[in-house]
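To keep things clear, I will list the structure first and then write my remarks on it.
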Amino acid sequence: MAEKNSCHKVNIDSINSSGFGVCRVDGVVCFVAGGVTGDELEIKIIKSKKNYNIGKIEKIITPSPKRQENDCSVFKKCGGCVYRHVKYSDEIKIKETGVRDAFERIGHFENINLKPIISADSSLRYRNKAQYPVKNENGKFYAGFFASRTHEIIPCDDCLLQPEIFSEIVKEVCAWAEKNNISSFDERTGKGTLRHIYLRIAEATNEVMLTLVSTQKKIKNQDELVKTMTEKFPEIKSIVLNINPEKTNVILGKKCINLYGKGYITDILCGTKIKISPLSFYQVNRLQAQKLYEKAKEYMGDVKGKNVIDLYCGTGTIGLCTAKDAERLIGVEIIPEAIADAKENAELNGRENTEFICGDAEKAAEVLKEKNIKADIIIVDPPRKGLTPKLIETISEFNSERVVYVSCDPATLARDCEIFKNYNFNVIEATPVDLFPRTAHCETVALIKR
């Protein structure tokens, strides 16, 4: 076993899905933050365990040809990106390999038909949403992002994943908060007023929404803020106060108070108008989301004359974008505000063949089955934890032709696809889509047929 603080010369063999370089020290696997496949490094062991080590780079002896200069001043502190030091062409290969590995190792698929990953046109400024934690420290108010695996706020003047206007708006809000001595929320004590500055942009219309997450129903001199922000930033079409008084690390509360505008902004995705409110789920990378939905539409096949059920439908985006010609579209989502938005999105686009139900996906699917609702095609887009075995069983009882599974976690996708095999389903094809360049995350869409 390598001793803690001992130094070693190593060669990085690979990068794992969390962005750590992988090598071996005295026969034991070692994870090195910032290591790139092909690097020759001198490292120091900072954690020594029986089955693995954690190493820290002391010196780059020979850099890998896959390595690039880091372009972010807070990259090593912030927990958002893990691949800023890796060329993008190599980053997407790592992600594609990670998806394949999940299918083989977790789902036990020996010959999965995995298509090449759909890469992003740009790895910069692609996010349409950002949530900035804030802090008032000795009268100085600042915003930033949490350090990796902590809730320590790392100040950040300009994140390269966010639109430039976000940084400008955040600076102005912080200046107003500092001028008015607005207190920041402290998770340890549960005291303080302002928790987060939350921004969204509808790229097709250039409409911006500013949401202040607060423990209070009113913030001192908030009218002054509304006046200042709308005068300086005509792109801001909505300003909302979200109330979260709970002693928790959950960002958003359930209640929103509209301070300016209609309380939502409108984007256009795959030719479909989408209303976005503070609590709505909406893919953070619009251009890549369109590629993802186009692939999902391809996997759905011809929907004319068919019934489509969209589980975990959010604001209805996938169903409304992919099932325009379906006989009937039924969406299910547990968040009431999202369902309200989905209904308005359907009306906004003149879709009369839709029905949106507020409820738990597993329970709602059972009710629909008991009512003998026909489902030729089922779309699922679950949270990271994936589907429950019970829901997969219920889906199998619909006698659907195909299931299109959109996943944000290859591990739970692979696990669930293996369960589908128990109900006489086969995974015909899967395609990774990089919606989150520079981060460890990767979306995948899979076609599962009976």
Quiz item: If you check 333, 347, which single one turns out to be open to solvent by 10 Å² or more (accessible area, probe 1.4 Å), closer than 30 Å to residue 241 by Cα and either hydroxyl-bearing (Ser, Thr, Tyr) or under 18 Å from the mean Cα position of the chain (by Cα) (or both)?
Solution: 333
Quiz prompt | Residues satisfying the stated conditions in the range 363-378, i.e. in contact with a helix residue (DSSP H, G or I) (Cβ under 6 Å, 6 or more places away or on another chain) and either buried (at least 20 other Cβ atoms within 10 Å of the Cβ) or on the phi > 0 side of the Ramachandran plot (or both) | solution = 365, 377, 378
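Any chance the range 408-429 includes a residue that's touching a residue at least 40 places away in the same chain (Cβ under 8 Å), in contact with a Lys or Arg (Cβ under 7 Å, 6 or more places away or on another chain) and among the hydroxyl-bearing types (Ser, Thr, Tyr)?
Initial filter on the range 408-429 (touching a residue at least 40 places away in the same chain (Cβ under 8 Å)): 410-411, 413-415, 417-418, 427-429.
Now drop any that are not in contact with a Lys or Arg (Cβ under 7 Å, 6 or more places away or on another chain), which leaves 428-429.
Narrowing further to those that are among the hydroxyl-bearing types (Ser, Thr, Tyr): none.
Checked against the condition, which is being touching a residue at least 40 places away in the same chain (Cβ under 8 Å), in contact with a Lys or Arg (Cβ under 7 Å, 6 or more places away or on another chain) and among the hydroxyl-bearing types (Ser, Thr, Tyr), the range 408-429 yields no hits at all.
Residues checked against (1) over 21 Å from the mean Cα position of the chain (by Cα); (2) open to solvent by 40 Å² or more (accessible area, probe 1.4 Å):
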site: 125; (1), (2): no, yes
site: 142; (1), (2): yes, yes
site: 150; (1), (2): no, yes
site: 153; (1), (2): no, no
site: 161; (1), (2): no, no
site: 190; (1), (2): yes, no
Self-check item: Selected residue (only one of 421, 449 is within 20 Å of residue 101 (Cβ to Cβ) and surrounded by fewer than 19 Cβ atoms within 10 Å (Cβ to Cβ))
Solution: 421
Self-check item: Only one of 99, 208, 134 that is buried (at least 18 other Cβ atoms within 10 Å of the Cβ), of a type in the set (Val, Ile, Thr), part of a helix (DSSP H, G or I) and at pLDDT 95 or above
Solution: 99
Exercise. Write out, first by first residue and then by second, each pair whose Cβ atoms fall under 6 Å of each other, whose residues are 6+ apart or on separate chains, and whose first residue, in the range 260-272, is closer than 15 Å to residue 351 by Cβ while the second is open to solvent by less than 30 Å² (accessible area, probe 1.4 Å) and of a type in the set (Phe, Trp, Tyr).
Key: 270/293
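When you check residue 411 against the structure, is it in contact with a helix residue (DSSP H, G or I) (Cβ under 9 Å, 6 or more places away or on another chain) and assigned to a loop (DSSP other than H, G, I, E, B), yes or no?
On the way: in contact with a helix residue (DSSP H, G or I) (Cβ under 9 Å, 6 or more places away or on another chain): yes; assigned to a loop (DSSP other than H, G, I, E, B): no.
Answer is no for this residue.
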Quiz item: Are any residues in the range 1-28 over 15 Å from residue 84 (Cα atoms), open to solvent by less than 30 Å² (accessible area, probe 1.4 Å) and either assigned to a strand (DSSP E or B) or of a type in the set (Phe, Trp, Tyr) (or both), and if so, which ones?
Solution: 10, 22, 23, 25, 28
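Out of 240, 250, I need the residue that is closer than 25 Å to residue 185 by Cβ, open to solvent by less than 10 Å² (accessible area, probe 1.4 Å) and within 23 Å of the chain's Cα centre (by Cα). Which one? Let's see the steps before the verdict.
Working: 250 fails: open to solvent by less than 10 Å² (accessible area, probe 1.4 Å).
Checking each option against the conditions leaves just 240.
The values are calculated or read from the model by the stated rules, or taken from the named source; none is laboratory data. This one's a predicted model, so the numbers in the text were calculated from it and none came from an experiment. Reconstructed Cβ throughout: ideal geometry from the backbone, glycine too, with neighbour counts over all protein chains shown. Heavy atoms of the whole protein, side chains included, go into the accessibility calculation; ligands, DNA and RNA do not. Shrake-Rupley method; radii C 1.70, N 1.55, O 1.52, S 1.80 Å.
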